[in-house]
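To start, the structure itself, in structure tokens.
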Amino acid sequence: MPTDTAVKANIAAGRLSSSPAAKARPNRVTAFLNRHIAPISFVILLVVIEICVRAFKVPEYILPTPSQILRSLIAGFSTPIGSPNGFYVHLYATGLAAGSSFVGGAILGVVMGAVVVRFSFARRLFYPYIIALQSVPKVALAPLFTVWFGLGFESKVVLGVLLTFFPVLINTAAGLSGVEPDRLELMASMKATAWQTFKLVQLPSAWPFVFAGLELAAIYSILGAVVGEFVGGEAGLGVLILNRNAALDIPGSMAALVVLAVIGIGVQRLVAFVRRKILFWAPSEKTLTREPT
């Protein structure tokens, strides 16, 4: 066994850098790759696709190159704001429908989650209908909503709310039901009312679960808006994709898909940012924000 004097001598000589712990410590290159692995891999993938499509002379109407899609993106954002050939009008229509769906679905999901946890009668009454409704493909319901609510905003929002409220409901119910019994017994021993127990104990404990549901709901709200536009919309990125597909403008169609993907990533990051700001005290947030080792 090395003596204290020998260990101190090794430290002074820098020989401990060859220990297993030191070897496991990431260097700057590894830390950089850990942080930026997603964009780096994305750029590499685009370069590979560009080279393969050009090398095999794949027709544009089957698979355009990333550079062709980029040119369509630039052209779409270069058009006047009010032009139906550009992105702005359709971005506004899809964003308004998705945002309204998200807000409506989030409120409905949180309220329904609290109700089914608080009242067992409501759980037995509503749960079978909720499960049955979620088992039905929403694409099959979209034409019915178009008939009932007409073309445009209303039918897209109803479809989006149906998609978004379920993950929020399930996560809210799981969070409210997962409170430690000791904390509930403590509130009962203090003669707390049901509202005080809900506000001070159950709801704070459920927030991490609620935000997990909201992140899913944010993505589903965009999906609901686009599906509604596919079936019967008058404007929106879904309508733009259909029109460009009909004109065999595949680069333009894929450019609209890229815009949708960027919106989805941005919305998810926004919800995650709000979650980190509100739930900075939660142990799960400390784990998620910890630097990779």
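Couple of notes before you dig in:
- Per-peptide packing, taken as the mean over residues of other Cβ atoms within 10 Å, places 79-88, 30-39, 167-176 in the sequence 167-176, 79-88, 30-39 from highest down.
- Against the set [x] 42, 38, 14; [y] 38, 35, 16; [z] 48, 30, 19, the structure's computed semi-axes √(5λ) of the Cα gyration tensor in Å falls on [x].
- Of the residues Leu70, Leu141, ranked by 1.4 Å probe accessible area with the largest first, the sequence reads Leu70, Leu141.
- The spacing between the stretch 257-279 and the stretch 128-206, judged by their C-alpha centroids, is 21 Å.
- Per residue, the chain exposes 60 Å² of solvent-accessible protein surface, assessed with a 1.4 angstrom probe and all protein chains in place.
- Filtered trypsin sites (Lys or Arg not before Pro), the stretch 138-222: DSSP coil and at most 14 other beta carbons within 10 Å: Lys191
- When you count the other C-beta atoms within 10 angstrom of each residue and take the mean per peptide, 217-228, 111-122 line up highest first as 217-228, 111-122.
- Report summary: the helix-based calculation at 222 nm, which adds -39500 (n - 2.57) for every DSSP H run with n ≥ 4 and divides by the residues of the chain, gives -26000 deg cm²/dmol.
- Cα-centre dipole for the chain with unit charges at Cβ (Lys and Arg positive, Asp and Glu negative), debye to 20: 880 debye
- Leu144 paired with Ala192, simple spin-label distance in nm, labels 7 Å along Cα-to-beta-carbon: 4.2 nm
- Cα convex hull of the stretch 174-293, projected area averaged across orientations, nm²: 11.4 nm²
- FRET efficiency for the pair Phe126 and Asp182, taken as 1/(1 + (r/R0)^6) with r the Cβ-Cβ distance and R0 = 25 Å, rounds to 0.25.
- As a calculated quantity, the FRET efficiency between Arg54 and Phe32 at R0 = 35 Å, using C-beta atoms, amounts to about 0.70.
- Global form of the stretch 104-191, assessed from the alpha-carbon gyration tensor, a/c cut-off 1.5: prolate
- Furthest towards positive pole of dipole, Pro181, Val210, Ile44, structure part the chain, Cβ charges: Pro181
- In the chain, the portion of solvent-accessible area held by carbon and sulfur atoms comes to 71 percent [1.4 Å probe, whole percent, DNA, RNA and ligands not counted].
The values are calculated or read from the model by the stated rules, or taken from the named source; none is laboratory data. Remember, predicted model here, so these are calculated numbers, not experimental data. Reconstructed Cβ throughout: ideal geometry from the backbone, glycine too, with neighbour counts over all protein chains shown. All accessible areas refer to the heavy atoms of the entire protein, side chains included, with ligands and DNA or RNA removed. Shrake-Rupley method; radii C 1.70, N 1.55, O 1.52, S 1.80 Å.
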